[in-house]
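The next block holds one structure in the form of C-alpha cells; read it before the comments.
The values are calculated or read from the model by the stated rules, or taken from the named source; none is laboratory data. Since the model is a prediction, treat every value here as computed from it, not as a measurement. Please note: Cβ atoms are built from the backbone with ideal geometry, for glycine as well, and neighbour counts cover all protein chains shown. For the accessible areas, the whole protein counts, side chains as well, though only heavy atoms, and no ligand, DNA or RNA atoms are used. Shrake-Rupley method; radii C 1.70, N 1.55, O 1.52, S 1.80 Å.
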Amino acid sequence: MSNTKKQTSTETERKTEAKTEPVNENNCNVEKTRQAMSDLYKNVTMAQNCVKTLLPYVDAQEVTKTLHKQVEQYDHYVEQLDELCENLNFDPTPAPKAIITMANMGIRAKMLTDKSITHIAKIMLQGTLNGIIDLYRLIRDNEDVHPEVALLQKQILRYEEGRFESLKAWL
C-alpha cells in the first residue's frame, strides 16, 4: 500500500473513532450548542407568547384552563433553558420583536372573525406543527450538541407532539 493510502486510512480511522465516542460536556461543539440553545429558546418563547396572545380571546373556561397550563409548561422550559444557558455561560438570542409582533397581529386578526373552540384549535394546531417541524430540524442537526441541550430538545418535542394530539379533540 502506498504512503498516501496509509495516511488517508489512518485519518479516516481517527475520524471514525472520534465519531463513536459519545458527545459529552467536554467534547461537544460549542458553537452548535449555542446555536441550538438559541433556536430552542426562540421556539419555546414564540410558542409561549402566541398562547398568551390567544388567551384573552378564549371564552370557554376549560380551554382557558388548558392554555394556562400550557403557558406554565413553557415558563418551566424557559427556566430550564435559562439555567442551562447560565451553566454554559451563554445568553440565548431571543426571537426578533418584529416576528413576534407579526405573529401576535395575525392571531388577533384571526380571532376577530371567529372565537369558536374549533377555530382556536386550528390556530393552535398550525402553530404547534410549525414548532414541531423546527424541533425535528434541531434534533436532526444536534449530533455534536451538549447532551443536556439535546435532552431538553427531545423533551420539548415530546411535549409539543402530545399537545398536537390533544388539540385534535377540540376540532
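From the set of residues in the range 52-76 that are in contact (Cβ under 8 Å) with a residue 24 or more places away in the chain and of a type in the set (A, V, I, L, M), which is most open to solvent (accessible area, probe 1.4 Å)?
Here the answer is Ala60.
Do you know which residues across the range 138-149 are part of a helix (DSSP H, G or I) and surrounded by 19 or more Cβ atoms within 10 Å (Cβ to Cβ)? Spell out the reasoning first.
At the first step, the residues of the range 138-149 found to be part of a helix (DSSP H, G or I) are 138-140, 147-149.
Within the range 138-149, Leu138, Val149 qualify.
Taking the condition more than 30 Å from Glu62 (Cα to Cα), touching a residue at least 24 places away in the same chain (Cβ under 8 Å) and surrounded by fewer than 16 Cβ atoms within 10 Å (Cβ to Cβ), does Thr118 pass?
On the way: more than 30 Å from Glu62 (Cα to Cα): no; touching a residue at least 24 places away in the same chain (Cβ under 8 Å): yes; surrounded by fewer than 16 Cβ atoms within 10 Å (Cβ to Cβ): yes.
Judged against the criteria, Thr118 is not a match.
Show the residue pairs meeting these rules: Cβ distance below 6 Å; 6+ apart or different chains; first residue within the range 87-103 and under 23 Å from Thr53 (Cα atoms); second residue of a type in the set (Gly, Ala, Ser) and assigned to a helix (DSSP H, G or I).
Every condition considered, the pairs that remain are Pro92/Ser38; Thr93/Ser38.
Look at the range 56-91 and say how many of its residues are part of a loop (DSSP other than H, G, I, E, B) and under 22 Å from Arg163 (Cβ atoms).
First, pick out the residues of the range 56-91 that are part of a loop (DSSP other than H, G, I, E, B): 58-60, 88-91.
Remaining after also requiring under 22 Å from Arg163 (Cβ atoms): 58-60.
So the answer is 3.
Can you tell me which residues in the range 83-93 are in contact with a Phe, Trp or Tyr (Cβ under 9 Å, 6 or more places away or on another chain) and loosely packed, with under 14 Cβ neighbours inside 10 Å?
If we filter the range 83-93 for residues that are in contact with a Phe, Trp or Tyr (Cβ under 9 Å, 6 or more places away or on another chain), which is where we start, we get 84-85, 92-93.
The one that is in contact with a Phe, Trp or Tyr (Cβ under 9 Å, 6 or more places away or on another chain) and loosely packed, with under 14 Cβ neighbours inside 10 Å: Thr93.
Would you mind finding the one in Leu135, Leu125 that is among the aliphatic types (A, V, I, L, M), within 20 Å of Val30 (Cα to Cα), out of contact with any Gly (no Cβ under 7 Å at 6 or more places or on another chain) and modelled with pLDDT of 95 or more?
Details: Leu125 fails: within 20 Å of Val30 (Cα to Cα).
It is Leu135.
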